[in-house]
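> One structure follows; several queries about it will come next.
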Amino acid sequence: MTLRKKASHGISRRMVAVGLAMTALGVRRGLGQSAPIKIGSILSLTGPLSIISLAQIKGVELAIDEINSAGGVLGRKFELVNRDSGSEPVRAVNAAKELIFSEKVNVVIGPGSSAEGLASTPVLASGNMPNIILAQVDEVIDPKKYPYAFRAANTNTQQISVLNDYALKLIAKDSSKGKLALIGDTGAYGMVTAKQAEEKLLASGIKPVYRANISVAKTDMTDDLTKAKDAGANMIIAWIGGGSPFARLLNARGNLKWDVPVLGHPLIMWPDNRNLLDKREYWDNAFGPGFRSTTFDNNGNLPEPTKQLLEKMRPRLGGGEVNLFFWWVALGYDSIYIVAEAIKRGGSTEPDSIKRSLESIRNLKLVYATYSWSPEQHNGFPDGDLVMCKANTYKDGCYGLAPV
């Protein structure tokens, strides 16, 4: 073989190699003009946290159907690839790896719970995978450590702040409410969140008269509430990671005939509590953080975008009363439209393009919230969109404002 032929043969082999690499990259990122845009999701469709994700997936599916019916984005349809994490962090990690390396998705939605988010976010970040996080724990967002992770949900700090502020308003209105019992659960979330809440209360000059952590598996909390009552508490703040444990706490309070306000994690308003309470009135004087978008005003009206989404969603939820937290439906719905906006802005499904587009979004008004991100701030949920709600005002997955 002549020197010229050898050189030509070498160039041809390199061109083939480059072509194969580009083809592989095109397959991974879905660069073909007609290829679907693959949306991966890590959501707990089974396990104890499925009450969150079964609502979120409904919103995700409706938004994808709407976008595809309208022609898709950049002329390409969305394809949902969901992996059930089973409410387990290890399964969330395995799902993240599968979505990156086997399914080769373009973006990942979720997880919806804090423990799963803490576990999977570093894995997704290592794969340069754009990720719209639906979990609340603060640590999953760090633009330097996890540059492709963006949060659509509120943060845990925002949730603690709105609840503590409400407690302080009640105390300012009635000083007899100033003796607090602060309760967390024995899991990582409950212990960390109760500690954060206590630090903020102490900074405001309020020291709880009773402090405890209770297992979510405990079937009767009467002894714990009796201790809180004997300590002189006249308000309970509870950070418990589960709906049914709140029903048991409220039953214990009701059976003690101790009608003090209970302020707690949003799961204090979990719709199924209606069937777990010994008496429906035990849900009175119970309050939790909710969302302005899914809160009735004083005339009993919801914001118009929420009303429209509720009616579009109702047939998919059986056609009767909505029996889940509608804010999680709205969050799942918004997450897909956030992805659509980012891809349209950048004109590409490349990770860096999606990242830059998300960092450029200011005041994107959707259903669950109005979002803004920047290169320095990857938390997109605004403080003003979180409000305190009254549990026993439940209707169609939404709530009324807590009185002040």
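> Which value in deg cm²/dmol, rounded to the nearest 500, describes the helix-derived mean residue ellipticity at 222 nm for the chain, given -39,500 (n - 2.57) per DSSP H run of n ≥ 4 and division by the residue count?
-13500 deg cm²/dmol
> How much length is gained if the chain between S126 and A172 is pulled fully straight, taking 0.36 nm per residue apart and subtracting their Cα-Cα distance, in nm to one decimal?
Full extension of this stretch gives 11.7 nm more.
> Pop a pseudo-label 7 angstrom from the Cα along the beta-carbon direction at both S215 and S102 and give the gap in nm to one decimal.
3.5 nm
> Moving on to the next point. Would you mind putting 240-252, 307-319 in packing order, based on average other-beta-carbon counts within 10 Å, highest first?
240-252, 307-319
> Let me ask you something else. Just to make sure I understand: if all protein chains stay in place, what is the order of T186, T294, T370 by accessible area at 1.4 Å, largest first?
T186, T370, T294
> Using r as the Cβ-Cβ distance of L202 and K145, and R0 as 35 Å, what FRET efficiency do you calculate, to the nearest 0.05?
0.75
> Additional query: In the structure shown, do any of K145/K195; K144/K344; K195/K227; K257/K390; K38/K355; K227/K390 have a Cα-Cα gap over 22 Å, and if so which?
Correct reply: K145/K195; K144/K344; K227/K390.
> To continue, here is another question. Counting only heavy atoms of protein chains, what accessible area per residue, in Å², does the chain have with a probe of 1.4 Å?
With the other protein chains kept in place, the chain gives 42 Å² per residue.
> On to the next question. Roughly how many Å is it from the Cα centre of the range 332-402 to that of the range 181-224, as a whole number?
Using only Cα atoms, the two centres lie 30 Å from each other.
> Order of 202-210, 135-143 by packing, highest average Cβ count within 10 Å first?
135-143, 202-210
> Apply 1/(1 + (r/R0)^6) to the Cβ-Cβ distance of L276 and A188, taking R0 = 30 Å, and write down the FRET efficiency to the nearest 0.05.
Here the calculated transfer efficiency is 0.80.
> List the trypsin sites (Lys or Arg not before Pro) within the range 75-164 that fall in a DSSP loop (any state other than H, G, I, E or B) and whose Cβ has at most 13 other Cβ atoms within 10 Å.
K144, K145
> What's the ranking of 269-280, 58-69 by average number of surrounding C-beta atoms within 10 Å, highest first?
58-69, 269-280
> Report the one residue of A115, G288, P303 whose Cα lies farthest in the direction of the positive end of the charge dipole of the chain (charges on C-beta: Lys and Arg +1, Asp and Glu -1; origin at the Cα centre).
Looking along the dipole axis, the top candidate is A115.
> Might you work out the accessible area of D220 for me, using a 1.4 Å probe with all protein chains in place, and round it to the nearest 10 Å²?
90 Å²
> For a label point 7 angstrom out from the Cα of D284 toward its Cβ, which stretches of the range 256-274 have the backbone nitrogen within less than 13 Å?
Backbone N within reach: 257-261.
> Quote to one decimal, in nm, the extra length available between E304 and T222 on full extension: 0.36 nm per residue of separation minus the C-alpha distance between them.
Using 0.36 nm per residue and subtracting the Cα-Cα distance, I get 25.2 nm.
> Give me the number: length gained by fully extending A231 to S34, i.e. 0.36 nm times residue separation minus the C-alpha to C-alpha distance, one decimal in nm.
Between A231 and S34, full extension yields an extra 64.2 nm.
> Any idea of F296's accessible area? Nearest 10 Å², probe 1.4 Å.
30 Å²
> Provide the solvent-accessible area of S293, counting protein heavy atoms only and rolling a 1.4 Å probe, rounded to the nearest 10 Å².
10 Å²
> OK, next. Please identify every one of the trypsin sites (Lys or Arg not before Pro) in the range 166-232 that sits in a loop by DSSP and has no more than 16 other beta carbons within 10 Å of its own beta carbon.
Hits after loop and neighbour filter: K218.
> For the range 329-404, state which chymotrypsin sites (Phe, Trp or Tyr not before Pro) are in a DSSP loop and have at most 16 other beta carbons lying within 10 Å of their beta carbon.
Passing both the DSSP loop test and the Cβ count: no residue.
> Pop out the Kirkwood hydrodynamic radius of the chain from its pairwise C-alpha distances, inverse of mean 1/r, in Å to one decimal.
By the Kirkwood definition, the hydrodynamic radius is 22.5 Å.
> Modelling each spin label as a point 7 Å along the Cα-to-Cβ direction, I'd like the S353/W258 distance in nm, to one decimal.
Taking the simple label geometry, S353 and W258 are separated by 6.0 nm.
The values are calculated or read from the model by the stated rules, or taken from the named source; none is laboratory data. A quick note: this is a predicted structure, and the numbers were derived from the prediction, not measured. Cβ coordinates were reconstructed from backbone atoms using ideal geometry, including for glycine residues, and neighbour counts include every protein chain displayed. Keep in mind that these areas ignore ligands, DNA and RNA; they rest on the heavy atoms of the full protein, side chains included. Shrake-Rupley method; radii C 1.70, N 1.55, O 1.52, S 1.80 Å.
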